[in-house]
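The next block holds one structure in the form of structure tokens; read it before the comments.
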Amino acid sequence: MQLYHFFGWLWGLNWILALGQCVLAGAFASYYWAFEKPKDIPTLPVLAALGRALRYHTGSLAFGALIIAIVQFIRAILAYAEKKLGRSENKVAKFIFKCLGCFFWCLEKILMFINKNAYILIAVHGYSFCTAARKAFKLILRNIVRVVVLNKITAFILFLGKLLITGIVGVIAFYVFDGVRERDGLNYYLIPIIFLCIVAFVTAHGFLNVFDMAIDTIFLCVLEDLERNDGTPNKPYYMSSGLKSVLSVKNKPDQADGKGEEE
């Protein structure tokens, strides 16, 4: 019964995370695919994305969460078995458990990456989970160099942001508690400072994950936009004028009505 509840907790937790990612992806995608920005951006995009996700994509999100939950459940069982085997002298068994733990850890990270991109395509196109995962995987493979570079740069910048926020909170907390210590004779003031730094890092991690989801969503939308469209009047690019400038692309004017480039 305890294993049943533990697995249910893992599944529920991963479903909530999947729902959050799908909602954010839907909100950011509604901005990207609005041809005339901000005119075509829907009102309350986050609430609209939440409604679509709950109404149409609950099953797909649950299936993706189930896959991750199964892998995490296996990892937990392996960790428990390895802990029970801790006092054993069987080095071969310990080595096998270490290898299995490493394998399922890598598998979980790969599946979480695929699921995240699948949730983006689910939010954008309304695909089923398997279709979205397949299309997202193929899209990433076709642009693997861009994906690797973007992920590394994004991870580094977001990590610097977390460190910066944590450092600012730590410095402010140090001066505040140092003043309190001198005035009121406070002892062990480093403990609350460390606690505040941990809270600040966790909070920064949560907020910056929103930016991470925005970057991944816009990036996949750009890749699809470049593959589907060519800038002609019949297939114009949907990206903003700033992205067009960065990528050195532009929409060609419509010769029929003499209109210039659409922004």
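The values are calculated or read from the model by the stated rules, or taken from the named source; none is laboratory data. In this text, all values refer to a predicted model and were calculated from it rather than measured experimentally. Using ideal geometry, Cβ is built from the backbone for each residue, glycine included, and neighbour counts are taken over all protein chains shown. SASA here: full protein model, heavy atoms, side chains in, ligands and nucleic acids out. Shrake-Rupley method; radii C 1.70, N 1.55, O 1.52, S 1.80 Å.
Okay, here's what the table says:
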read-out	value
Filter on LYS37/LYS244; LYS116/LYS152; LYS109/LYS152; LYS135/LYS244 - keep pairs with C-alpha separation over 19 Å	LYS135/LYS244
Angle between the chain longest axis and helix 91-125 axis [Cα atoms, degrees, rounded to 10]	30
Cross-link reach list, lysines versus LYS94, counting only Cα pairs under 20 Å and skipping chain neighbours closer than eight places	LYS83, LYS84
Relative counts (whole %) of C-alpha pair distances in the range 1-142, using bins that are 10 Å wide	12, 32, 27, 16, 9, 3, 1
Å² per residue, accessible surface of the chain at 1.4 Å	63
Matching label, Rg and Dmax of the Cα atoms in Å computed from the structure shown, candidates (1) 20.3, 67; (2) 18.9, 66; (3) 23.8, 82	(3)
Dipole moment magnitude, nearest 20 debye, the chain about Cα centre, only Lys, Arg, Asp, Glu C-beta charged	1000
Highest-fluctuation residue, ILE74, ILE172, ILE153 considered, GNM on the chain with Cα pairs under 10 Å	ILE172
DSSP-assigned coil residues among GluC sites (Glu not before Pro) in the range 82-131, each with at most 13 further Cβ atoms within 10 Å	GLU89
Accessible carbon and sulfur surface of the chain relative to its total accessible area, %, 1.4 Å	69
Trypsin sites (Lys or Arg not before Pro) restricted to DSSP loop in the range 1-92 with at most 11 other C-beta within 10 Å	LYS39, ARG87
